[in-house]
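Q: Please see the structure below; I have some questions.
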Amino acid sequence: MSGAVVVTGAASGIGKAIAKKIASRAAVVLVDLNEIKLAEVEEELLNGGHQVARVAGDVSKRATHIEAEIVARKLGILSGWVNCAGIGGIFPLHNLPENEEHLMKVWDVNQAGSLWGCAIAVENFIREKRKGAIVNISSVHGRQAYLDHALYEMSKAAVDALTRNVAVVYGPYGIRANSVAPGAVMSEAMIQSFTDAPDPDGRRRWLESSTPLKRIASPSEIADVVDFLLSDNSSYVTGQSIYVDGGWTSSLGSREVDKELAQRYNLEVDSGLPNR
Ligand SMILES: NC(=O)c1ccc[n+]([C@@H]2O[C@H](COP(=O)([O-])OP(=O)(O)OC[C@H]3O[C@@H](n4cnc5c(N)ncnc54)[C@H](O)[C@@H]3O)[C@@H](O)[C@H]2O)c1
C-alpha cells in the first residue's frame, strides 16, 4: 500500500491506532468530529515525519467524505479508505423513544457514515481506474445479540452487508472491501464505559472472562488486521467480516477455565491486560 488512505474516527481509539499504523507506508487523511484531538493526532504524526492531513467533520454528512477525498488527492493517489467512526447506544426495544437525538445519531454515524465513505471511495477508484481497498469497522454485535443493543447491532450488521455489496459489485474492477469486527477493545470509548458503569471492575472482569483469550484487546491489535486488509498481502481477501475478538464469537458462552489443566502444567491464565 502506498498513496493516500482516508481514516475516519482517527482522533481516538481504534481509528487513531489505524492511522498511526498505516502512516508508516502511506499518506493519511485523518477525519473526525473532534477537532482538538484530531489536531493532536495530526501533530504527533507530522512530528514522526509522516505525510498527513486532517478533515474536521461529521461522517454522517456526504460533504465530509467529499472533502476527505479531495484532500487525499492532494497527498497522493487514493489507495485505501477506512470507515472507523462509530458510536454506541443502549436502547431497550420495548421502550424505544421516538426521534430521540442519540438514537438517530447511532443510525446516522454508523450506517450513513460508512455508506457515504464507501460511496465516495468507490467513486474515486472507478473514476481514476485504480484498484483500492476499503475496510469498514463493524463489531461482534453485528453477529451476536446482547441486551438492549438492537439498534447498535442492526447498524453494525448493516456495515457488514454494505461491505459484501461493495466487494461483489466492484470486485470485477479490482476493488476490495472487508469488515473488521472487533470484540472488546481498550479504546477511549471503552475506558469511558468503565467510568460510567455502576461496577467498573465487574464490567471489566465480565468482558475478560467472556473472551477465550481472557483479556481485552489493545487498539493496535485491531489496526494490525486493518493494515493487512489494506495491503496487497490480502490481495485475494474480499467481502469478509474478520472477527478480531479473542475468540469471543466462537464460544458457546462458557467462561469456564480448565483449572485442573492449569494446575497440572503450572499454566497461568492471561492477566486480562492488553499485550501492548
Ligand atoms: N472499543 C470497542 O470495544 C469496539 C468494539 C467493537 C467495535 N468498535 C467500533 O470501533 C469503532 C471505533 O470505536 P472506538 O472504541 O475506538 O471509539 P472512540 O470513541 O474511542 O473513537 C471513535 C471516534 O469516532 C469519532 N466520531 C464519532 N462520531 C463521529 C462523527 N459523526 N463524525 C466523525 N467522527 C466521529 C469520535 O470523535 C472518536 O474520535 C466504532 O465504529 C465502534 O463501533 C469498538
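Q: Residue under question is Glu128, and the condition is that it be touching a strand residue (DSSP E or B) at 6+ places or on another chain (Cβ under 8 Å), touching a residue at least 24 places away in the same chain (Cβ under 8 Å) and surrounded by fewer than 21 Cβ atoms within 10 Å (Cβ to Cβ); does it hold?
A: Considered against the rule, which asks whether it is touching a strand residue (DSSP E or B) at 6+ places or on another chain (Cβ under 8 Å), touching a residue at least 24 places away in the same chain (Cβ under 8 Å) and surrounded by fewer than 21 Cβ atoms within 10 Å (Cβ to Cβ), Glu128 comes out as yes.
Q: Would you check which residues across the range 233-269 are assigned to a loop (DSSP other than H, G, I, E, B), surrounded by 10 or more Cβ atoms within 10 Å (Cβ to Cβ) and not aliphatic (A, V, I, L, M) and list them?
A: Ser235, Thr238, Gly239, Gln240, Asp245, Gly246, Gly247, Ser251, Arg255, Asp258
Q: Does the range 227-241 contain at least one residue that is under 30 Å from Lys37 (Cβ atoms), within 11 Å of the ligand (Cβ to nearest atom) and of a type outside the set (D, E, K, R)?
A: Within the range 227-241 (the criterion being under 30 Å from Lys37 (Cβ atoms), within 11 Å of the ligand (Cβ to nearest atom) and of a type outside the set (D, E, K, R)), the answer is no, since none of the residues qualifies.
Q: Among the listed residues Val31, Val52, Val41, identify the single one that is surrounded by 15 or more Cβ atoms within 10 Å (Cβ to Cβ), touching a residue at least 40 places away in the same chain (Cβ under 8 Å) and hydrophobic (A, V, I, L, M, F, W, C).
A: Val31
Q: Checking Gly76 against (1) free of Cβ contacts under 8 Å to residues at least 12 places away in the same chain; (2) farther than 15 Å from Ala10 by Cα: exactly one of these is not met. Which one?
A: Exception for Gly76: condition (1).
Q: To continue, here is another question. Are there any pairs with C-beta distances below 9 angstrom linking a residue in the range 93-115 that is free of Cβ contacts under 8 Å to residues at least 60 places away in the same chain to a residue that is among the aromatic types (Phe, Trp, Tyr) and within 13 Å of the ligand (Cβ to nearest atom), with the two at least 6 apart or on different chains, and if so which?
A: Val106/Tyr152; Asn110/Tyr152
Q: Being without any contact (Cβ under 8 Å) to a residue 24 or more places away in the chain and touching a Lys or Arg at 6+ places or on another chain (Cβ under 9 Å) is the filter here; which residues of the range 131-156 pass it?
A: Those that are without any contact (Cβ under 8 Å) to a residue 24 or more places away in the chain and touching a Lys or Arg at 6+ places or on another chain (Cβ under 9 Å): His141, Glu153.
Where a number appears in this text, it was derived from the coordinates with a stated rule and is not lab data. Remember, predicted model here, so these are calculated numbers, not experimental data. Glycine also receives a Cβ, built like all others from the backbone with ideal geometry; neighbour counts cover every protein chain displayed.
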